1. Net charge near Ile208, counting Lys/Arg +1 and Asp/Glu -1 over other residues with Cβ under 15 Å of its Cβ?
2. Would you mind ranking His222, His200 so that the residue whose beta carbon has the fewest other beta carbons within 10 Å leads the list?
3. Among Thr175, Gly98, Leu112, whose Cα projects farthest towards the positive end of the dipole of the chain, with charges put on the beta-carbon of Lys, Arg (+1) and Asp, Glu (-1)?
4. For helix 195-208, report the angle its Cα long axis makes with the longest principal axis of the Cα atoms of the chain; keep it between 0 and 90° and round to the nearest 10°.
5. What does DSSP give for the chain in terms of the percent of beta bridges that are antiparallel, rounded to the nearest 5?
6. For the chain, give the magnitude of the charge dipole about the Cα centre (Cβ charges: +1 Lys/Arg, -1 Asp/Glu; no others), in debye to the nearest 20.
7. Rounding to the nearest 10 and keeping the result within 0 to 90°, find how far the Cα-based axis of helix 14-26 lies from the longest principal axis of the chain.
8. Counting only residues 5 or more places away or on other chains, whose amide H sits under 5 Å from the amide H of Gly60 once H atoms are built in the peptide plane?
Amino acid sequence: MSETKRILLVEDEPGLVLTLTDRLTAEGYELEAATTGEDALAKASAGNFDLIVLDVMLPGKSGFDVCRELRGDGVDTPILFLTARGEIADKVLGLKLGGDDYLTKPFDMLELTARVDALLRRSKPGETSSSERVRFGDIDVDFRKAEVTRAGEPCDLSALEFKLLKYFIENRGATLSRDELLNRVWGYESMPYSRTVDVHVSGLRQKIEANPSRPQFVVTVHRLGYKFVG
């Protein structure tokens with residue numbers, strides 16, 4: 001029997017906490033709730049969660065603040081933002097801070113469960129590349145340890161950035177569309193905000209490219225997607 005996945009729900013609306021807890025528990029997940037940013041930080045840092053569902057508008061620390069501090073402390077648990085904000089700039093900010101996905105309120109419960117399922121499917125224990133270690137340029141990737149170093153120094157990739165890099169390496173030389181990357185790395189076939197891929201590719205380039213504005217390894221194929229040429 002597979003281990004029950006644990007989700008930290010960070011939301012200050014009691015009715016929504018009850019609704020989401022009931023639905024996600026019925027889906028077979030174990031839920032724990034936090035209603036403030038400070039409570040979320042404490043629980044996320046101390047608990048062993050598989051996913052954090054994080055509202056942006058919270059009393060005290062915002063969801064963006066929580067995400068920033070968790071990533072700064074090395075907590076790489078996938079984060080799904082819940083936000084009433086519809087502006088593209090806010091969505092980009094959430095992703096740049098280390099969020100893995102977002103859902104704008106009001107949302108359909110089926111879409112929420114699909115996003116949760118996809119994020120939890122992304123990392124499966126025991127998955128490794130056909131080659132356990134890969135080197136390109138001054139970058140070393142150890143798939144077994146999920147570690148990346150640059151010129152011998154640790155390269156701090158998020159869990160999603162590592163998955164993205166792994167998929168690029170496994171498909172070296174192939175042109176990969178944004179839809180394929182969303183499907184294979186994020187785990188679902190369609191998403192209204194394909195800019196997600198661009199944001200994460202940009203973040204990955206900042207960490208592995210000598211000159212991110214003129215990438216050597218993860219290159220853009222105009223109007224088609226990206227290609228790894230390392």
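Every number in this text was worked out from the coordinates using simple rules, so none of it is lab data. This structure is a prediction, so every number in the text was calculated from the model and none was measured. Glycine also receives a Cβ, built like all others from the backbone with ideal geometry; neighbour counts cover every protein chain displayed.
1. Values: positive: Arg135, Arg150, Lys163, Lys166, Arg172, Arg205, Lys207, Arg214, Lys227; negative: Asp138, Asp140, Asp142, Glu147, Glu153, Asp156, Glu161, Glu209.
Taking every other residue near Ile208 into account, the sum is +1.
2. On the way: His222 5, His200 21.
The fewest-first ordering by Cβ neighbours comes to His222, His200.
3. Checked the options; the winner is Thr175.
4. Tilt relative to the chain: about 50 degrees.
5. Working: 16 of 33 bridges.
Among the beta bridges of the chain, antiparallel pairing accounts for roughly 50 percent.
6. Values: 31 positive and 38 negative charges, 215 e Å.
It works out to roughly 1040 debye.
7. So the helix axis and the longest Cα principal axis differ by about 60 degrees.
8. The list, which skips near neighbours in sequence, is empty: none.
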